[in-house]
1. For Phe25, indicate whether it is part of a helix (DSSP H, G or I), under 23 Å from the mean Cα position of the chain (by Cα) and of a type in the set (Phe, Trp, Tyr).
2. Based on what the data block shows, is Ser12 surrounded by 10 or more Cβ atoms within 10 Å (Cβ to Cβ), within 29 Å of the chain's Cα centre (by Cα) and among the hydroxyl-bearing types (Ser, Thr, Tyr)?
3. When the residues of the range 34-50 are narrowed to those that are open to solvent by 90 Å² or more (accessible area, probe 1.4 Å) and in a helix (DSSP H, G or I), which ends up nearest to Ser24 (Cα to Cα)?
Amino acid sequence: MTTTITRFLGGSPAMVAVRLIVVSFVVGIVLETFGFDPATLLSEAIRAVSEIIELGFSDIRQVGRILLTGAMVVVPVWLVLRLVDSTGRR
């Protein structure tokens, strides 16, 4: 069991924890230098996801508008052709 965990983590759990703490500290210093903090990063991530979702829905609305515009021409033409075809068979 220990070898499976060690293999998965890439080393002993204690050493991996120490490495992660050191790397997190260094990255935190760099981000803090550029003015980033956890609250800003979280709010920006939420805003980015929100904008991606909004863009997706606006694309769906655009597809719906295109479909409706095409249907405004196709359905009446289809209906007229069906009516003409049904009167011609009698």
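The values are calculated or read from the model by the stated rules, or taken from the named source; none is laboratory data. Here the structure is a predicted model, which is why all the values come from computation and not from measurement. Cβ placement follows ideal geometry from the backbone for every residue including glycine, while neighbour counts extend to all protein chains displayed. Quick note on the areas: whole protein, heavy atoms, side chains included, nothing else; ligands and nucleic acids left out. Shrake-Rupley method; radii C 1.70, N 1.55, O 1.52, S 1.80 Å.
1. Numbers: part of a helix (DSSP H, G or I): yes; under 23 Å from the mean Cα position of the chain (by Cα): no; of a type in the set (Phe, Trp, Tyr): yes.
When the stated conditions are applied, Phe25 does not pass them.
2. Values: surrounded by 10 or more Cβ atoms within 10 Å (Cβ to Cβ): yes; within 29 Å of the chain's Cα centre (by Cα): no; among the hydroxyl-bearing types (Ser, Thr, Tyr): yes.
Here the answer is no, as Ser12 does not meet what is asked.
3. Step one: list which residues in the range 34-50 are open to solvent by 90 Å² or more (accessible area, probe 1.4 Å), which gives 34, 38, 42, 46-47.
The next check asks that each one be in a helix (DSSP H, G or I); those that pass are 38, 42, 46-47.
Values: Pro38: 13, Leu42: 16, Ile46: 22, Arg47: 24 Å.
Among those residues, the one meeting the criterion is Pro38.
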